[in-house]
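Notes follow once the structure below has been shown.
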Amino acid sequence: MGMILDSSILVAFERRRFDLERLLTDHAPPAIAAVTAAELLIGVERADTPERRSRRESFVQNIFARVHMAQARLYAVHFAELASRGEIIGDRDLQIAVTALSLDHDLATLNAREFQRVTGLRLVDVSAYTVP
């Protein structure tokens, strides 16, 4: 079993307030969610000086090199594909879709029109379960 790292852990590590090395030694291989990767990258983009931006960029790239980011990478791939087709779906919906894809799960939704745009996503036909 793996371990998901929340951005609060990574920010505390960047600020030298958390012993991430010890945590990684004591526990299962780490991973981060797509939203965590986005939060870290937002921190890079919002840096108030070029020096801070450079330092944050290096830190984030180091984290990305060390953790499993299947959902984050899938999110980027599918977002780019949808954008190139002009078929963007909601951010949270894309996170849900990517979670299903990364776990090789089907997705049950009443919003098939939105989710059917995501390549490779298997949708459950839930029409028989709706109550008139």
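Give all pairs with beta carbons closer than 7 Å in which a residue from region 16-33 that is of a type in the set (V, I, T) meets a residue that is outside any helix (DSSP H, G or I) and open to solvent by 100 Å² or more (accessible area, probe 1.4 Å); count only pairs at least 6 apart in sequence or on separate chains.
Going by the 7 Å Cβ cut-off, the qualifying pairs are I32/I4.
Could you tell me whether A80 is of a type in the set (G, A, S), part of a helix (DSSP H, G or I), touching a helix residue (DSSP H, G or I) at 6+ places or on another chain (Cβ under 9 Å) and under 30 Å from V126 (Cα atoms)?
So A80 fails the test.
Exactly one of these conditions fails for V98: (1) hydrophobic (A, V, I, L, M, F, W, C); (2) loosely packed, with under 13 Cβ neighbours inside 10 Å; (3) in contact (Cβ under 8 Å) with a residue 60 or more places away in the chain. Give me its number.
(2)
Could you tell me which numbered condition F64 fails, if it satisfies all but one of (1) more than 17 Å from S7 (Cβ to Cβ); (2) modelled with pLDDT under 95?
(1)
Could you tell me which numbered condition S84 fails, if it satisfies all but one of (1) open to solvent by 90 Å² or more (accessible area, probe 1.4 Å); (2) over 28 Å from A100 (Cα atoms); (3) modelled with pLDDT of 85 or more?
(2)
Just the residues that are closer than 17 Å to R55 by Cα and either within 15 Å of the chain's Cα centre (by Cα) or assigned to a loop (DSSP other than H, G, I, E, B) (or both), please, taken from region 8-29.
We begin by selecting, within region 8-29, every residue closer than 17 Å to R55 by Cα; these are 10-17.
L10, R15, R16, R17 - these are the residues of region 8-29 that are closer than 17 Å to R55 by Cα and either within 15 Å of the chain's Cα centre (by Cα) or assigned to a loop (DSSP other than H, G, I, E, B) (or both).
So which residues in region 58-68 are part of a helix (DSSP H, G or I) and out of contact with any helix residue (DSSP H, G or I) (no Cβ under 9 Å at 6 or more places or on another chain)?
Those that are part of a helix (DSSP H, G or I) and out of contact with any helix residue (DSSP H, G or I) (no Cβ under 9 Å at 6 or more places or on another chain): S58, Q61, N62, A65.
Of the residues that sit in region 101-132 and are farther than 12 Å from Y75 by Cβ and assigned to a helix (DSSP H, G or I), which one is least open to solvent (accessible area, probe 1.4 Å)?
F115
Just one of the numbered conditions (1) open to solvent by less than 70 Å² (accessible area, probe 1.4 Å); (2) without any contact (Cβ under 8 Å) to a residue 60 or more places away in the chain; (3) not charged (D, E, K, R) is not true of N62; which one?
It fails just one condition, (1).
Does region 41-57 include one or more residues that are open to solvent by 30 Å² or more (accessible area, probe 1.4 Å), in a helix (DSSP H, G or I), at pLDDT below 90 and within 18 Å of F13 (Cβ to Cβ)?
Yes.
Can you report the number of residues in region 7-34 which are open to solvent by 30 Å² or more (accessible area, probe 1.4 Å), at pLDDT below 90, in contact with a helix residue (DSSP H, G or I) (Cβ under 9 Å, 6 or more places away or on another chain) and closer than 23 Å to Q95 by Cβ?
Within region 7-34, residues that are open to solvent by 30 Å² or more (accessible area, probe 1.4 Å), at pLDDT below 90, in contact with a helix residue (DSSP H, G or I) (Cβ under 9 Å, 6 or more places away or on another chain) and closer than 23 Å to Q95 by Cβ number 0.
Can you tell me which residues in region 63-98 are under 16 Å from V35 (Cα atoms) and β-branched (V, I, T)?
Of everything in region 63-98, those that are under 16 Å from V35 (Cα atoms) and β-branched (V, I, T) turn out to be I63, V67, V77, I89, I96, V98.
The values are calculated or read from the model by the stated rules, or taken from the named source; none is laboratory data. These numbers come from a predicted model, not from an experiment. A quick note on method: Cβ atoms are made from the backbone with ideal geometry, for glycine too, and the neighbour counts reach across all protein chains shown. Surface areas here come from the heavy atoms of the whole protein model, side chains and all, with no ligands, DNA or RNA. Shrake-Rupley method; radii C 1.70, N 1.55, O 1.52, S 1.80 Å.
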